[in-house]
Amino acid sequence: MDEIPQPGNRRRGRLRVQPTLHNRPLLIPGPLQQHLRLRRTRPGPLHPGHVRADIRSPLHSQRHPISGGDVKMNGFAQNAERNREGMSGEVMNGFRPERVAVYEEMVREFGVCDRWFASVPASTQPNRMYVHAATSHGATSNDTGKLVGGFPQRTIFESLDESGLSFGIYYQYPPATLFYRNLRKLKYLTKFHPFDLEFKRHCKEGKLPNYVVIEQRYFDLKLLPGNDDHPSHDVSEGQRFVKEVYEALRSSPQWEEILFIITYDEHGGFYDHVPTPATGVPSPDDIVGPAPFFFKFDRLGVRVPTFFISPWIERGTVVHEPSGPYPTSQYEHSSIPATVKKIFNLKDFLTKRDAWAGTFETVLTRTTPRTDCPVTLPDPPKLRKAGPKEEAKLTEFQEELVPMAATLNGDHNKDSYPHKLVEGMTVADAVKYVKGAFKTFCDNCEYARAHGADESDVVVTSNSKSSFARRVLSCFACNRS
């Protein structure tokens, strides 16, 4: 039997992370008006504001920067009404436990954290970056220039690789982790696995790597519904996805080596009463955010639900504040790379933020693994009457995935990049585009490798009228890092 990982015993453990299922606070509220007794005055899916300006407003009830100082958490309803009349009742509500039966069972059987905060009071992408890098490199929202070159910050993936440990990213649409420039290197191409084809097989065969990241379906199609819990996607699909992942892990011969984490990138605009911490929160890298707010990254975001699943966790565990490493430390997304570093005894922290963040290996309190963990989870009830709207406009995060994909197939060199590229694009259009772009990227990487490219090269397709070989091979040297 493998032991639960301890410092100095790095290769024996497995850590499973399913990061940043989209946008839900601790009561698991959602966009499904047919299940909520709420006043609505306009049709359309519920999508509360959760970009940078929209997150400032709920915290202060007015729009101004929020570096330092106390916040009152009194502007959620006001901000919702500003976005759309009649939305205030919805952002103050939530799902009944039986409507999210998978989470209800997980809370009963394993552990939940009631003080896990988003890393920054900003939107989806900056918070996702803290999960893997403990910094957004100054980003508080979409940054098209960085999407082209790729965000340059070091990630936990490189720390693991340099220590001889394995990692894998299981994706359902082109992986959003390719926002990081370094993950576009040839040597990491084999770390990306299609979830539907390989995840269950790797679980069954006991071949999961030391560290696993599972990405969701970010687009909502009739045959492949979105399962990231983003409005207006059916939350029951997200529940079904969590159930699928858990049951595959539970049946794996590696089950007794696993710590499985589920968290959400940010709160999605829904109400929470707990003030966002600012005392002692360090800027990760002393980078200041862009004008006009010049945010110093010295305040955390709103709480988000976070679950811990492992046979080494007692039933009904509730995790509160961490006991360190500093008196002001909190649980936030940087706690994930911080805990990975501690469990696997990695050499260095990524930034000052993960050096400060609380670690959660202490949730593994048992001396022997449980044998009574459920083999299956409840079937989630269907929550949305209407089906996916493939002709819908793109969400902010979906719009970010498209220009990222354009950097993979060379379309970033066109005059249409970035705004005209997504102009008028539907969900169905975007799915076709990003899948094709990722395939082009993979094909070009394989071609480059076959023709002697260095494994540290980042393949960038120029999309010029020259031959395929020249388009791919002309850029190796200038993209080596």
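One table, with the values for the structure above:
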{"read-out": "Mean Cα-pair separation over length for region 178-252, i.e. relative contact order, pairs under 8 Å, 6 or more apart, %", "value": "22 percent"}
{"read-out": "Within region 186-206: backbone nitrogen closer than 16 Å to the Ser251 label point (7 Å, Cα to C-beta)", "value": "196-206"}
{"read-out": "Proxy reagent accessibility, fewest Cβ within 10 Å first, across Phe297, Phe76", "value": "Phe76, Phe297"}
{"read-out": "Cα gyration tensor category, rounded, prolate or oblate, for region 294-362 with a/c compared to 1.5", "value": "oblate"}
{"read-out": "Cα gyration tensor category, rounded, prolate or oblate, for region 150-247 with a/c compared to 1.5", "value": "oblate"}
{"read-out": "20 Å Cα-Cα reach of Lys420 towards lysines, excluding residues that sit fewer than 8 places from it in its own chain", "value": "Lys146, Lys393, Lys432, Lys435"}
{"read-out": "Low-density loop positions, GluC sites (Glu not before Pro), region 356-408 - DSSP coil, at most 13 other Cβ in 10 Å", "value": "Glu391"}
{"read-out": "Likely footprinting exposure, Thr367, Thr124, Thr306, fewest C-beta neighbours within 10 Å first", "value": "Thr367, Thr306, Thr124"}
{"read-out": "Global geometry of region 274-418, whether rounded, prolate or oblate, following the gyration tensor of its Cα atoms and the 1.5 cut on a/c", "value": "oblate"}
{"read-out": "Qualifying trypsin sites (Lys or Arg not before Pro) in region 71-120, DSSP loop, other Cβ atoms within 10 Å at most 13", "value": "Lys72"}
{"read-out": "Sites matching trypsin sites (Lys or Arg not before Pro) across region 364-442 that sit in DSSP coil, with at most 11 neighbouring C-beta atoms within 10 Å", "value": "Lys382, Lys385"}
{"read-out": "Cut-off 9 Å between beta-carbons: net charge of the residues surrounding Gln125, Lys and Arg +1, Asp and Glu -1", "value": "-3"}
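Read-outs throughout are calculated quantities, based only on the coordinates presented, and are distinct from any laboratory measurement. If you're wondering where the values come from, they're calculated on a predicted model, not measured in any experiment. A quick note on method: Cβ atoms are made from the backbone with ideal geometry, for glycine too, and the neighbour counts reach across all protein chains shown.
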